[in-house]
Amino acid sequence: MESVSSTTSANQYGLQQLRQLQARRNAEQAEQVARSLKAQANEAQRAADLALEHARALAVQSDQAQAKAGQARRGLAAMRSAQQAVAQLSETADRVLAREEASASTAQNASAEAPSAGSAPPSADIAPLASGSAAVANSESPASGTIVDTNA
């Protein structure tokens, strides 16, 4: 019976050795998976750090772009205001020129209708006197003179 018992012992010892070998292999595989996962985690952390750095840079660029957009809007508003001022000034100048032209035209018409200072009165304004008397100018004749534009 000893042979059965020694065979059983040998089998148990062999099974124990196989179990230890299998446990060692499982532990090595688990360590290898752990190292691989750790490397992946490190790479993911580096990618996250880069993404965060990129996001910060984009935020700074966005702030700068918004500041430039605000400056552009203010510049556009100032340009529109200046254009309106120029348009109003142009309209005012056009009105002043139109008034000046109207005044000049009125002055020309008035001077063309009025006799000049050195001209003879019209013959209808001369009334004959009794026989052989000299002619005298009618007191109803328009006054002669020149019109002076005081607007200029």
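For E28 and T7, the FRET efficiency from 1/(1 + (r/R0)^6), where r spans their Cβ atoms and R0 equals 30 Å, is about 0.45. Between L52 and S103, the contour length at 0.36 nm per residue exceeds the alpha carbon distance by 10.8 nm. For the stretch 36-50, putting each phi into the Karplus relation 6.51 cos²θ - 1.76 cosθ + 1.60 with θ = phi - 60° gives couplings of 5, 5, 5, 5, 5, 5, 4, 5, 5, 5, 4, 5, 5, 4, 5 Hz, in residue order, rounded to whole numbers and with x for Gly and Pro.
Eigen-decomposition of the gyration tensor built on the alpha-carbon atoms of the stretch 2-78 gives equivalent ellipsoid semi-axes of 73, 6, 4 angstrom, largest listed first.
Laboratory data are not the source of any read-out in this text; all were calculated from the coordinates shown. None of the values given here were measured: they were computed from a predicted structure. All Cβ positions, even for glycine, are placed from backbone atoms using ideal geometry, and neighbour counts span all protein chains on display.
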